[in-house]
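Here the structure is laid out as structure tokens; the discussion comes afterwards.
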Amino acid sequence: MTPDRAAGLAETRRALADGEVTSRELVERTLARIEATQPTLNAFRIVRAQAALAEADAADRQLAAGDRSPLLGVPVAVKDDMDVAGEPTAFGCAGDFPRVATDGEAVRRLRAAGAVIVGKTNTCELGQWPFTEGPAFGDTRNPWHTGHTPGGSSGGSAAAVAAGLVPAALGSDGAGSVRIPASWTHLVGIKPQRGRISTWPRGESFHGITVNGTLARTVADAALLLDAASGNHDRDPHRPPALTVSDAVGRDPGRLRIALSLKPPFTAVPARLQPEVRTRVLELAARLAALGHTVEEADPPYGQIGLTFLPRATAGIADWVRETPDPALLDPRTRGAARFGRLLGGAPLRAARRAEAVLHRRIGAFFGSYDVVLAPTTAAPPPAIGALHKLRGFATDRAMIAACPYAWPWNVLGWPGVNVPAGFVGDGLPVGAQLLGPANSEPLLVSVAAQLEAELRWHEMWPPQRTEAGTPAA
């Protein structure tokens, strides 16, 4: 282990269990890394320095007593849409938010597994956009190229993991918000089945399109964090069958039928896959074919799935806006989306929810012919800081859809998806590809992702050390 970068989750767990390092030492190093990078990367909204050190001391006592809970003493981070007892949940917004009294269910389960929560990571306002910028906290930057965004809305979690500040982090994904920043920071990002990781105290987040997921440098680490955070509150409406996803890492997935889907689902504005990104995805497809899988171009029958997304997304924004202490402080785009959501929150929302069963049957039938879909995660590399944040409402939507047209349909379906690194384009900007499957297919997707990782060794690459935005250190 080196003090300037976090080791992986599994390696950190092993070192703690073997007595090679203490939790307090790990947390002290983590806090030092966060402090050193906060002026440039700005990954964290809240750093729980004293609380995390106290939790580390308690973990060390448990380790000395022989406790070997799955993540005992391991420092991790969570996104600032998740409740951590004693901290506010501002979800990227300005205002005086109250401190919450209890952990959300996902955080409670991480604590039960022994994890030390070092802080809450930055996210754009109410998780709406694929960038992590805003007046409440500033600009969160991409460790691979600090002139560019790490993506969003789980951009703080992605930046923290990609830079080696923490070994892994939780994010949330309502339209790609785990997979997009994972793609743009060279990480593995798992969006699990709806309900796999509880979103309680919200039984459904954004009317079911948003789920909690994991970001890590390796498939094994992302799966380990997923297993630790998985499970349900007694009142959760979605309770998928229990899985131990880590068991699929290293398992031979067999010879699969893989649909290479390069065509974006229908949207109201044009979206075009940039040639450099297409090339990286085609290279992954060729690698999968070389591993013995049958890969052919085919697109899921999405139809007009976008009509079912918009009411759920905007009604969800309206729900959150009602809970903010001062809506006047919100971005005008947020207030506009909330107004739209209030209009769509009745009959259109109910119709959108009813349509999900039809979509499950139609797109589910596609998996009678194919086992997995391989698609781009984004159509473009990460934009420059400010390129999207400075736009107005419709211009933001247009630019967002053009850059990120591929991820959101799986949020409507509630099914799993895994981003895997696909390489770099342009001036060293990361891009990724999604492995997508039907309900409860996390083990299959993880086994394929791990198979690719064993070939491509993407976790061995680290962002360059930089002295200022976009400038490599000498």
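Annotations
- Boolean, ARG392 is surrounded by fewer than 13 Cβ atoms within 10 Å (Cβ to Cβ) and in contact (Cβ under 8 Å) with a residue 24 or more places away in the chain: yes
- On inspection, LEU329 fails the criterion of being within 29 Å of LEU187 (Cβ to Cβ), open to solvent by 50 Å² or more (accessible area, probe 1.4 Å), hydrophobic (A, V, I, L, M, F, W, C) and touching a residue at least 24 places away in the same chain (Cβ under 8 Å).
- Under the condition of being in a loop (DSSP other than H, G, I, E, B) and either under 16 Å from VAL281 (Cα atoms) or touching a helix residue (DSSP H, G or I) at 6+ places or on another chain (Cβ under 9 Å) (or both), the residues counted in region 429-456 number 3.
- Here ALA313, ALA318, ALA352, ALA337 are screened, and the one residue that is at pLDDT 95 or above and either open to solvent by 30 Å² or more (accessible area, probe 1.4 Å) or closer than 30 Å to PRO421 by Cα (or both) is ALA313.
- Checked against the criterion of being among the acidic types (Asp, Glu), open to solvent by 10 Å² or more (accessible area, probe 1.4 Å), touching a Ser or Thr at 6+ places or on another chain (Cβ under 9 Å) and in a helix (DSSP H, G or I), region 46-57 has at least one qualifying residue.
- For LEU215, the conditions (1) touching an Asp or Glu at 6+ places or on another chain (Cβ under 7 Å); (2) under 21 Å from VAL448 (Cα atoms) are fulfilled apart from (1).
- Within region 88-100, residues that are of a type in the set (Lys, Arg) reach partners that are not in a loop (DSSP other than H, G, I, E, B) with beta carbons closer than 7 Å, at six or more positions or on different chains, in the pairs ARG99/PRO88.
- Where a residue in region 156-178 is among the charged types (D, E, K, R) and its partner, wherever it lies, is buried (at least 24 other Cβ atoms within 10 Å of the Cβ) and assigned to a loop (DSSP other than H, G, I, E, B), with Cβ under 8 Å and at least six apart: ASP173/SER154; ASP173/ALA407
- Contacts under 9 angstrom Cβ, first residue in region 12-40 being under 21 Å from ASN142 (Cα atoms) and of a type in the set (A, V, I, L, M), partner open to solvent by less than 30 Å² (accessible area, probe 1.4 Å) and assigned to a helix (DSSP H, G or I), 6 or more apart: LEU31/ALA52; LEU31/LEU53; ILE34/ALA160
- Of residues in region 59-72 being in contact with a helix residue (DSSP H, G or I) (Cβ under 7 Å, 6 or more places away or on another chain) and in a helix (DSSP H, G or I), the one least open to solvent (accessible area, probe 1.4 Å): ALA59
- Unique residue being over 19 Å from SER183 (Cβ atoms), surrounded by fewer than 24 Cβ atoms within 10 Å (Cβ to Cβ), out of contact with any strand residue (DSSP E or B) (no Cβ under 6 Å at 6 or more places or on another chain) and not charged (D, E, K, R) when the list is GLY423, GLY386: GLY386
The values are calculated or read from the model by the stated rules, or taken from the named source; none is laboratory data. Owing to the predicted nature of the structure, the values given are computational and were not obtained by experimental measurement. A quick note on method: Cβ atoms are made from the backbone with ideal geometry, for glycine too, and the neighbour counts reach across all protein chains shown. Surface accessibility is based on the protein's heavy atoms, side chains included, excluding ligands, DNA and RNA. Shrake-Rupley method; radii C 1.70, N 1.55, O 1.52, S 1.80 Å.
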